[in-house]
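Presented below is the structure to which this report refers.
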Amino acid sequence: MARHEKSPELKEKISILPDTPGVYMYFDAAGTVIYVGKAKNLKRRVSSYFNRTHDNLRTNLLVRNIADMKYIVVPTEQDALNLENAMIKEYKPRYNVLLKDDKSYPWIVVTNEMYPRVFLTRQHIRDGSKYYGPYTNTSVARTVLDLIGELYPVRTCRIPITPEYISKGRGRHCLQYHIRKCRGCCTGEIDEKTYSIYIDRIRQILRGEAQELMTYLRGEMERLASELRFEEAQELKQSYRLLENYRSKSVIVSQTVGDVDVFGFDDDGSNDVYVNYMHVRRGAVVRSVTLRYKRSLDESRAQILGYAMEEIRQSLDVKYDKIIVAEAPEIELEGVSFTIPRRGDKAKLLEVSEKNARQNRVDDLKHLERHNPEERTSRLLERIKADFRLSEQPHHIECFDNSNIQGTNPVASCVVFRDGKPAKRDYRHFNIKTVVGPDDFASMKEVLTRRYTRLMQEGEGLPQLIVVDGGKGQLSAAVEALDDMGLRGKIAVVGIAKRLEEIYFPGDSIPLYIDKNSETLRVVQHLRDEAHRFGITHHRNRRSKSALVSELDGIKGIGPKTSEVLLTHFKSVKRLREATTDEIAAVVGAAKARAIITGLSEEQS
């Protein structure tokens, strides 16, 4: 593809760009923002779009549609990331990576009032109140609130309590006061200093400092007991046990890790990338959020990590210090250290984050399959199409497997998947007819020739993809068969080596390695397992039949048809030998039953 010629005005703008950090915007002919990007060096980054042809088709389409550009210079690379993130949200350019699930998660807020309230909210108002979270699981947030309600009698009413309100005696005792859930804030029966102690301890719990609070409560409990203030000590003991129970259910990762932030990826090579963020305090996970991004220009993991870090920083008001990642992001953050662990507690922590990211993908796919199965199927087939370099979605896939043991009774199986799922009524098995001895390559060629010659004769639809089990040798045999039938190029064919990750294409000696977490690999595994199971079952039946026929060959009056009936009913020679005369007679009659019993007894003697 040739480079796209641009206007003299645009060329001049690019030629005089500064060598500084900044953000650039590309516009199409209609004046619409189609891409926003950041750069450590504006001139070098922007020029790279126009001085070469790109491997990615969408990048070439972007460059073709650029009619104008603007840029903004900023002091640092981090400022460029901040501005880029804000502008992407503002303009939603078609060629930018997009955050797909910009959800409103609930927070627990401690209000900025004379007597602060503590409650769950999805609104983040900058009024001096302190927000803790967000909580991706609302039930967890409610559990924390229930604990706080059991421990401390904080008010729940919305009355705007002020010193003037209390002095004028406007407050009235409510039900919460009478059931000891509030100490009478509206009437001034509890002073601000005592109430602030409750709030300080609540903040400790919400910050993940339950252990420190437990240590304090235990010390106070022992002090009160030594002063013979047993009733007060008992109240603290109840609070201590509630905290102990809550902490036992918390996600404790490691007491040695300290306070860190963690970013874990789930990237199966598709357009959807999941990034999990966890904040760990005192060794416990106190915050976890998963973001889903949709690639547009084949963005790298390092690029997407930068977007995720900025999104978390802005939306959750996070200040980074130490960050654990699987790979370093594209940007440098002042005062922030990155750790890429290989083993130990930090590596285990990264695994937990990656597991959360994977689980979110699984949950989304399950939700999609339940509520929109057509879209789920389309996404799956599009993924397989991309991985196997197909020209169309593979709605019809067939997989072949040879089965012979010590060269006896060679058979082959063909399993059929439609829209990514087994179509068991269409499964077929084949007894090898033209091949003598254990020749898997020749057997594969025979089976494919018989299968597709018959489908064409009967006017049946051909598959979009054929998968052969066995690697390069079987693949070559399959290609020869398709050549002979004139189907080469009309049906895609791939081979699977013994190690399932290796996929071979015709004429390419270097295999493709499919990501172990990809949906494509799961479908291939299912295909291969089904072909193997179906082939082995048929092979076992043939061997049983051969064994039974050989056992009954010398018995007078027992021919092939009787042997077939006996095989269908008893399944094996062993079961036939164990059967009584009456049981056999019920299948083939009394005379033949007596002959079979006598004949088998004579063979054993």
key: Cut-off 11 Å between beta-carbons: net charge of the residues surrounding His396, Lys and Arg +1, Asp and Glu -1   = -4
ask   = What size of dipole, in debye to the nearest 20, comes out for the stretch 428-484 about its Cα centre when the only charges are +1 on Lys and Arg C-beta atoms and -1 on Asp and Glu C-beta atoms?
value = 140
inquiry  = I'd like the Karplus ³J(HN,Hα) series for the stretch 474-483: coefficients 6.51, -1.76, 1.60, θ = phi - 60°, whole numbers in Hz, and an x wherever there's a Gly or Pro.
reply    = 5, 5, 4, 5, 5, 5, 4, 4, 5, 4
task = Within the stretch 271-305, which residues have the backbone N less than 14 Å from the label spot 7 Å out from Leu365 along Cα→beta-carbon, could you tell me?
result = 271-274
request  = Decide, for the chain, between rounded, prolate and oblate: order the square roots of the alpha carbon gyration tensor eigenvalues as a ≥ b ≥ c, take rounded if a/c falls under 1.5, and otherwise choose prolate if a/b is larger than b/c, else oblate.
outcome  = oblate
remark   = Phi-derived 3J(HN,Hα) across the stretch 375-384 with the Karplus relation (6.51, -1.76, 1.60, θ = phi - 60°), rounded Hz, x for Gly and Pro, is 5, 4, 5, 4, 5, 5, 5, 5, 5, 5
task = Within the set of other residues whose C-beta is less than 13 Å from the C-beta of Phe27, count the net charge using Lys and Arg as +1 and Asp and Glu as -1.
result = +1
task = Please list, in chain and number order, the residues 5+ apart from Thr339 or on another chain whose amide H is under 5 Å from its amide H, with Hs placed from the backbone.
result = Ile323, Ile324, Val325
message = Output needed for the stretch 345-499: three equivalent-ellipsoid semi-axes, defined as square roots of 5 times the C-alpha gyration tensor eigenvalues, in descending order, whole Å.
response = 35, 21, 14
note = Pseudo-spin-label distance Glu578 to Arg218, built 7 Å along Cα→Cβ, given in nm, is 6.2
key: Loop GluC sites (Glu not before Pro), the stretch 328-385, which have at most 15 other Cβ atoms in a 10 Å radius of their Cβ (DSSP)   = Glu332, Glu334
ask   = Peptides 48-60, 80-92, 192-204: what's the order by average Cβ count within 10 Å, highest mean first?
value = 80-92, 192-204, 48-60
task = Divide by every residue of the chain the summed helix terms, -39500 (n - 2.57) for each DSSP H run of at least 4, and state the resulting mean residue ellipticity at 222 nm, rounded to the nearest 500 deg cm²/dmol.
result = -15000 deg cm²/dmol
query = Tally Lys and Arg at +1 and Asp and Glu at -1 over the other residues with C-beta under 15 Å from the C-beta of Met444: what net charge comes out?
reply = -2
message = Heavy atoms of the protein only, probe of 1.4 Å, neighbouring chains included. What is the accessible area of Lys11 in Å², nearest 10?
response = 100
note = In whole Å, largest first, the alpha carbons of the stretch 440-530 cover along the principal axes 40, 24, 22
request  = Run the 1.4 Å probe and let me know the accessible area of Tyr504, rounded to the nearest 10 Å².
outcome  = 30
note = Straight-line reach check, Lys445, cutoff 16 Å on alpha carbons, 8 or more apart in-chain or any other chain, hits among aspartates and glutamates -> Glu398, Asp401, Asp469, Glu480, Asp483, Asp484
Per-residue ³J(HN,Hα) for the stretch 172-178, Karplus 6.51 cos²θ - 1.76 cosθ + 1.60, θ = phi - 60°, Hz, x for Gly and Pro = 9, 5, 10, 4, 4, 5, 6
ask   = If the limit is 23 Å between Cα atoms, which of Lys181/Lys237; Lys38/Lys385; Lys38/Lys355; Lys193/Lys319; Lys385/Lys433 go over it?
value = Lys38/Lys385; Lys38/Lys355; Lys193/Lys319; Lys385/Lys433
task = Using only the Cα atoms of the stretch 296-412, build the gyration tensor, take square roots of its eigenvalues as a ≥ b ≥ c, and label the shape rounded, prolate or oblate: rounded if a/c is under 1.5, else prolate if a/b is larger than b/c, else oblate.
result = prolate
inquiry  = Can you give me the % of accessible surface on the stretch 37-92 that is carbon or sulfur? Probe 1.4 Å, all protein chains present, nothing else counted.
reply    = 51
note = For the stretch 303-367, the per residue accessible area (1.4 Å probe, Å²) is 54
task = Enter the accessible area per residue of the stretch 393-492 (Å², integer; probe 1.4 Å; all protein chains in place).
result = 47
task = For the pairs Lys366/Lys490; Lys40/Lys89; Lys70/Lys322; Lys70/Lys294; Lys13/Lys40, note any where the Cα-Cα span goes beyond 27 Å.
result = Lys366/Lys490; Lys70/Lys322
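The values are calculated or read from the model by the stated rules, or taken from the named source; none is laboratory data. Worth saying up front: this structure is predicted, and the values here are computed from it rather than measured. Cβ coordinates were reconstructed from backbone atoms using ideal geometry, including for glycine residues, and neighbour counts include every protein chain displayed. Remember, those area values only see protein heavy atoms, side chains included, never the ligands or the DNA or RNA. Shrake-Rupley method; radii C 1.70, N 1.55, O 1.52, S 1.80 Å.
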